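This report concerns only the one structure given below.
The values are calculated or read from the model by the stated rules, or taken from the named source; none is laboratory data. As the structure is a computational prediction, the values presented were derived from the model and not from experiment. Glycine gets a Cβ as well: all are built from the backbone with ideal geometry, and neighbour counts include every protein chain shown. With ligands, DNA and RNA removed, areas are computed over all heavy atoms of the protein, side chains included. Shrake-Rupley method; radii C 1.70, N 1.55, O 1.52, S 1.80 Å.
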Amino acid sequence: MNEIVTPRSLGLSREDLPNSYIGRAVPRPNARKLVEGRATYTDDVSLPRLVHAAFLRSPHAHARIVSIDTSAALDVPGVVRVFTGAELAKVCDPWVAVLAHLKGMKSAPQYPLPLERATWQGEAVVAVVADTRAAAEDGVAALAVLFDPLPAQVDMETALRPDAVIIHPELGDNLVFTRTAETGDVAAAFASAHKIVEATFHTGRHTGVTLEPRSIIADYNRADGTLTVHHSTQAPHMMQNVFATQLRMPEGDVRVICKDVGGSYGIKVHVYPDEMAVACMSRIMGRPVKFIADRFEAFGSDIHARDHRITGRLAVDAEGRFLAFDIDDLTGIGPYSVYPRTSAVEGNQVVNLCGGPYAFGAYRCTTTVVLQNKSPTCQYRAVGHPIATAVTEGLVDLAAEALGLDPVAIRRKNLIRDDAYPCTSPAGMRFEGLSHHASLDKLLDMVPLERIRADQAEQRRKGVYRGLGFASFIELTNPSPFMYGIGGAKISAQDGCTVRMDPDGSVVALSGVTEQGQGTEAILAQIVAHGVGVPVAKVKVVTGDTQTTPYGGGTWACRGAGIGGEAALQSAIALKEQILQVAGAMLQAQPSSLDIIMGEVVDRATGQSRMPLSELGRIVYYRGDTLPKDLARELVQTRHYITKEYPFAFTNGIQASWLEVDIETGIVKLLEHWCVEDCGRVINPMLVDEQVRGGIVQGIGGALYEHCIYNKDGQLLTTTLADYLVPMAAEMPDMHVGHVETPTQESLLGAKGAGEAGTAGAPAAIMNAINDALGPLSAKVFAQPFTPERILKALGTIA
Amino acid sequence: MNRRIDVSLTVNGEKVSRSVDTRTHLIDFLRSELGLTGAHTACEHGVCGACTVRVDGDAVRGCLVMAASLDGAVVETIEGLSDTGEIRDLQAAFVARNASQCGYCTPGMLVSAADILKHAPNASRDDIREHISGNYCRCTGYQAIVDAIDDVLKARRESEAA
Ligand code: FES
Ligand code: FES
């Protein structure tokens with residue numbers, strides 16, 4: 001096959017070819033076990049001699065650990081052992097979560113269990129291991145731990161004041177990181193502005209609430225010195241490296257297995273001290289130890305996110321053209337930066353993403369990242385995106401109002417032109433190709449604007465307040481080593497896929513990217529089936545085992561389709577080429593005159609079948625004696641892929657929200673929602689649509705319901721699903737999803753990510769819709785979640 | 001703390017006798033004692049619906065029922081419903097609509113959906129949304145789930161009429 005493979009020659013954008021699976025709504029091969037209750041989540045795994053861990057967690061936001069008396073706990077029936085921080089520290093090195101490219105960043109060393117001080121309420125302090133979880137909890141109840149409560153630094157706004165409590169005295173202050181990006185003459189732009197609009201935004205601290213809580217079983221085998229970890233994680237190879245490094249083991253002696261994962265959304269891509277403690281305990285005891293967080297533990301120890309206060313200003317000229325954005329972001333991240341991604345990345349993303357969809361000249365944005373005695377925060381779905389989008393789009397609507405422009409008109413005027421690419425944004429982001437105007441056009445095809453505006457006017461006459469809000473956004477996907485690797489984090493930005501043909505002509509694909517429910521295994525099967533030329537049902541995909549899959553990054557920042565998918569396509573093409581070499585030898589034909597269609601070797605010109613792959617497989621594997629002696633017959637190929645030109649593949653989209661605000665109660669009722677996104681090549685539209693809808697619902701959660709609320713002493717008040725509201729079916733609107741496809745030229749496949757789009761834009765669209773609804777009453781809200789209380793306060797109904 | 005009680009019950013058509021710790025919830029009994037891991041726990045407070053199973057024909061929260069109270073009861077879990085084929089059309093609709101992403105909520109969601117099929121065959125889309133509001137899903141936007149249940153209700157009504 002001496003041709004150069006192109007997206008066109010592969011039929012990537014055509015569905016009418018035989019065995020073309022790209023762009024088709026193929027059902028997921030792993031869905032059946034899920035609907036039959038036969039999946040294997042980590043808690044479903046049981047091992048001989050398994051013991052269960054439970055933790056005593058700090059009841060104080062900040063306290064010195066004075067003494068730990070374990071005697072009564074050890075007397076509890078079923079309790080096997082009790083571990084303190086000092087014991088675990090003997091087998092495990094502490095970690096410090098900083099990235100070298102985030103200049104000046106600092107954080108304190110963190111241990112599996114703290115040695116001297118607890119620094120947030122909910123931090124695991126002592127571990128009890130017993131033969132059942134119930135007995136381990138009894139053991140925890142019998143522990144006598146004496147704490148000396150210390151003053152807590154809870155409020156991020158006061159964290160840098162001279163009288164602040166310094167959480168880690170060795171760091172000198174509570175400043176973790178600060179960065180200012182500045183381009184152009186911001187002062188001059190504001191001085192020359194026709195109008196300047198300004199607002200202060202808050203995004204509520206919230207968390208992922210994966211329905212399956214964090215789960216781990218660590219199993220250290222003394223016979224061969226290996227550690228096998230069954231783990232509900234998004235990044236098995238990263239965790240393999242972390243366990244190996246911290247426990248001082250060779251990486252090859254650690255195996256991380258994640259079969260089914262019950263939701264992750266970024267929550268399960270971090271190093272949690274209690275999970276490291278489980279690995280340490282197994283290492284010490286030489287037997288498997290299981291820890292499944294309960295919901296109470298999840299609220300206090302899963303990472304939180306999005307605790308930001310942002311002040312933003314936008315300068316516009318008399319025509320409504322944007323001149324400059326000036327933004328100041330402050331975020332509190334808890335007492336430690338979280339390893340290995342660090343908790344500074346979210347604020348850094350705000351700097352990278354604000355103003356993203358628009359053309360303007362001058363930009364200044366500062367983020368200030370500080371410590372506080374609350375649960376640590378780190379990356380959660382669409383890191384920084386919903387924050388940057390809310391600020392940008394909130395300011396855009398304020399500018400429209402100040403100039404008497406329509407929200408669509410002001411966007412139309414300022415969105416970067418679709419023919420302006422490639423280009424670099426004032427924040428320094430390089431865009432390969434975006435489609436803001438095409439996406440807006442598509443959205444306006446879907447949203448019945450006239451009907452909505454007429455209905456809005458009519459309802460207002462009846463005292464019913466409805467609003468329509470828009471939000472354009474950019475989304476960062478296909479991350480390169482510029483995300484973490486250059487900062488020294490051992491997080492793979494490349495990914496690999498091994499594709500193998502078995503004797504019966506079926507194909508096995510082993511991939512480093514992982515399945516969390518988004519349908520990774522389905523799209524990999526489609527890509528491989530397309531690339532090799534077999535029916536999709538003939539492809540078996542294996543993910544989530546570091547011992548059998550090629551080394552890779554797993555799932556984060558939307559890289560499954562764009563990175564993992566391209567590796568799969570490249571390996572499939574290589575396998576096809578290899579099969580055709582063998583087929584050529586068997587059929588006495590030029591390999592280039594042959595093709596593979598639906599599992600048959602065919603004559604390329606006529607399409608006539610020459611041989612089924614099962615026959616080729618039979619001969620290669622069992623009757624190699626009949627083949628030419630020097631024929632290369634490896635029906636297995638591996639390819640790894642990494643992006644080369646652009647640090648990230650940016651994608652874009654736009655959302656619209658239509659809702660009603662009950663001004664008596666302050667309750668927001670969502671009526672309808674639209675999202676158009678451009679994720680490049682769509683591999684499976686059904687999966688993309690559902691990803692986008694799920695993402696929108698998580699964005700709605702942040703905008704209206706979800707909030708980790710603390711009192712002034714740093715006590716978390718929302719610790720059950722009865723206190724912490726998440727979106728439910730009855731409140732969710734119908735969501736319409738549309739696509740524009742701008743494939744990335746970086747890869748053959750052309751896929752970018754779609755997982756963050758819904759979450760990135762929904763809160764801003766909802767905020768703008770609420771403010772549109774409240775417009776006649778001159779009320780506005782900028783603090784998420786937009787609870788009834790906050791809306792009634794904005795209306796002046798309550799104080 | 002550690003009182004035990006003997007119970008005999010029928011689980012997915014099979015007779016089961018065990019001595020259980022009085023504080024054991026049904027969901028933990030099913031999962032740890034019987035290895036029936038289809039139903040899940042997610043909130044342990046009766047809020048999320050992940051643990052929904054059937055007891056004597058009714059959909060109940062496995063995290064709110066004590067195993068010790070179930071002497072003589074008939075319990076059905078997602079595994080049992082799959083084996084009998086009672087909701088095969090519903091399961092197929094979930095697959096066809098991609099109404100299950102990570103699948104963690106799915107077994108509980110299906111047991112609740114089976115309840116709609118049984119008790120509210122004329123349910124509207126709004127009724128469906130209302131009925132499954134006790135079943136949280138963090139992955140899907142619920143829309144595909146509503147679509148799948150609606151598809152099956154319609155198909156069953158049609159085959160009834162035919
Ligand atoms: S675990 Fe029972 S309802 Fe949530
Ligand atoms: S599919 Fe993941 S929680 Fe519903």
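What number, in nm² with one decimal, is the all-direction average of the projected area of the convex hull of the alpha-carbon atoms of the range B:55-130?
Averaged projected hull area, Cα only: 5.9 nm².
So in chain A, what percent of DSSP beta bridges are antiparallel if you round to the nearest 5?
Expressed as a percentage, antiparallel bridges in chain A total about 80.
Please report the equivalent ellipsoid semi-axes of the range B:85-161, computed as sqrt(5 x eigenvalue) of the Cα gyration tensor, largest first, in whole Å.
Equivalent-ellipsoid dimensions as semi-axes: 19, 13, 11 Å.
Per residue of chain A, what 222 nm ellipticity follows from adding -39500 (n - 2.57) for every DSSP H run with n ≥ 4, rounded to the nearest 500?
-8000 deg cm²/dmol, from helical runs alone.
Taking H placed 1.01 Å from N in the peptide plane, check which residues at least 5 places from A:Ser343 or on another chain put their amide H under 5 Å from its amide H.
Amide H neighbours of A:Ser343: A:Val338.
Given a cut-off of under 8 Å on Cα pairs at least six residues apart, what relative contact order in percent is computed for the range A:186-330?
Here the relative contact order equals 39 percent.
Could you run the Karplus curve 6.51 cos²θ - 1.76 cosθ + 1.60 with θ = phi - 60° over the range A:500-516 and give me ³J(HN,Hα) per residue in whole Hz, x for Gly and Pro?
Values, residue by residue: 10, 9, 9, x, 7, x, 7, 10, 10, 10, 10, 10, x, 7, 10, 10, 10 Hz.
Under 29 Å from the Cα of A:Lys413, which lysines turn up, not counting those fewer than eight places away in the same chain?
Answer for A:Lys413, where 29 Å is the Cα cut-off: A:Lys195, A:Lys442, A:Lys752, A:Lys780, listed by chain and number.
With a 10 Å radius around each residue's Cβ, average the other Cβ atoms per peptide and rank B:122-133, A:64-75, highest first. Don't skip to the answer; put the middle values down first.
Details: B:122-133: 16.6, A:64-75: 14.3.
Per-residue Cβ counts within 10 Å, averaged per peptide and sorted highest first, yield B:122-133, A:64-75.
Could you compute how fast the range A:695-789 diffuses translationally, taking Rh as the Kirkwood radius over C-alpha pairs and applying Stokes-Einstein at 25 °C with viscosity 0.890 mPa s? Give it in µm² per second. Kindly include the intermediate steps, with their values, before the conclusion.
Values: Rh = 16.0 Å.
Reported coefficient: 154 µm²/s.
May I ask for the equivalent-ellipsoid semi-axes of the range A:280-339, computed as the square root of five times each C-alpha gyration tensor eigenvalue and listed largest first in whole Å? Numbers along the way, then the final one.
Details: eigenvalues 459, 29, 21 Å².
That gives 48, 12, 10 Å for the three semi-axes.
Just report the Cα centroid separation between the range B:64-114 and the range A:369-386, whole Å.
Rounded to whole Å, the Cα centres lie 36 Å apart.
Please report the relative contact order for the range A:356-480, taking Cα pairs under 8 Å with a sequence separation of at least 6, and give it as a percent rounded to a whole number.
The normalised contact order for the range A:356-480 reaches 33 percent.
Quantify how strongly other chains surround peptide B:103-112 by giving the mean number of their Cβ atoms within 10 Å of each of its Cβ atoms.
Other-chain Cβ atoms within 10 Å of each residue's Cβ, averaged: 6.
With the radius of gyration and the Kirkwood radius both derived from the Cα set of the range B:4-80, what is their ratio Rg to Rh?
For the range B:4-80, the value is 0.92.
I'd like the mean, over residues of A:36-48, of how many other protein chain beta carbons sit within 10 Å of each residue's own Cβ.
So the per-residue partner count for this stretch is 5.
Can you tell me, using C-alpha contacts under 8 Å and at least 6 residues apart, the relative contact order of chain A as a whole percent?
Numbers: 2065 pairs, mean separation 126.1, N = 799.
Relative contact order here is 16 percent.
Could you pull the Rg and Dmax for chain B, using just the Cα atoms, both in Å?
According to the Cα coordinates of chain B, Rg and Dmax are 16.2, 58 Å.
Using a 1.4 Å probe over the heavy atoms of the protein chains, calculate the carbon and sulfur portion of the accessible area of the range B:4-80 as a whole percent.
Of the solvent-accessible surface of the range B:4-80, carbon and sulfur hold 46 percent.
Using a 1.4 angstrom probe, figure out how much accessible area the range B:4-80 has per residue, in square angstrom, rounded to the nearest whole.
Accessible area per residue, the range B:4-80: 40 Å².
Could you work out how far the C-alpha centroid of the range A:555-607 sits from that of the range A:28-106, in angstrom?
What the calculation gives is 45 Å, centre to centre.
Could you give the Stokes-Einstein D for the range A:558-678 in µm² per second, using the C-alpha Kirkwood radius, 37 °C, 0.692 mPa s?
Estimated diffusion coefficient is 174 µm²/s.
Quick one: which residues, 5+ away or cross-chain, put their amide H under 5 Å from the amide H of B:Val11? H built at 1.01 Å from N.
Amide H neighbours of B:Val11: B:Val16, B:Val75.
Taking the Cβ of A:Val186 as the centre, find all other residues whose Cβ is under 13 Å away and add up their charges (Lys, Arg: +1; Asp, Glu: -1). Please list the in-between numbers first.
On the way: positive: A:Arg313, A:Arg364; negative: A:Glu182, A:Asp185, A:Asp326, A:Asp328.
Net of charged neighbours comes to -2.
Compute the accessible area per residue over chain A, keeping the other protein chains in place, probe 1.4 Å, unit Å².
Here the per-residue accessible area is 33 Å².
To the nearest hundred square angstrom, how large is the accessible surface buried between B and A, total for both chains, probe 1.4 angstrom?
Chains B and A together bury roughly 3900 Å² of accessible area.
Between the DSSP loop rule and a limit of at most 10 other Cβ atoms within 10 Å, which trypsin sites (Lys or Arg not before Pro) in the range A:413-489 are left?
A:Lys462
Gap in Å between the Cα centre of the range A:263-322 and the Cα centre of the range A:466-500?
Here the two parts' Cα centres lie 17 Å apart.
Roughly what % antiparallel, to the nearest 5, for the DSSP beta bridges in the range A:664-763?
In the range A:664-763, approximately 25 percent of DSSP beta bridges are antiparallel ones.
Could you give me the ³J(HN,Hα) list for the range A:309-321, computed from phi with Karplus coefficients 6.51, -1.76, 1.60 and θ = phi - 60°, whole Hz, x at Gly and Pro?
10, 10, 9, x, 10, 10, 9, 10, 8, 5, 7, x, 7
Peptides A:522-531, A:702-711, A:97-106: what's the order by average Cβ count within 10 Å, highest mean first?
A:522-531, A:702-711, A:97-106
Could you state the angle between the C-alpha long axis of helix B:106-119 and the longest principal axis of the C-alpha atoms of chain B, as a value from 0 to 90 degrees rounded to the nearest 10?
Result, in degrees: 70.
Mind checking which helices in chain A clear 20 Å along their axis (Cα) and have mean Kyte-Doolittle hydropathy of -0.5 or more, DSSP H runs only?
Going by DSSP H runs, the hits are A:385-403, A:565-587, A:685-700, A:757-774.
For chain A, what does the alpha-carbon gyration tensor say about shape, rounded, prolate or oblate, given a ≥ b ≥ c as the root eigenvalues, a/c under 1.5 as rounded, and a/b over b/c as prolate?
Oblate, because a/c is 1.5 or more while a/b does not exceed b/c.
Which value in deg cm²/dmol, rounded to the nearest 500, describes the helix-derived mean residue ellipticity at 222 nm for chain B, given -39,500 (n - 2.57) per DSSP H run of n ≥ 4 and division by the residue count?
-11000 deg cm²/dmol
Place a +1 charge on the Cβ of each Lys and Arg in the range A:81-196 and a -1 charge on the Cβ of each Asp and Glu, then give the dipole magnitude about the Cα centre in debye, rounded to the nearest 20.
Details: 9 positive and 15 negative charges, 69 e Å.
Around 340 debye, computed over the range A:81-196.
I'd like the mean, over residues of A:696-707, of how many other protein chain beta carbons sit within 10 Å of each residue's own Cβ.
That average works out to 1.
For a quick check: with amide H placed at 1.01 Å from N, whose amide H comes under 5 Å from A:Ile597's, ignoring anything fewer than 5 positions away on the same chain?
A:Val602
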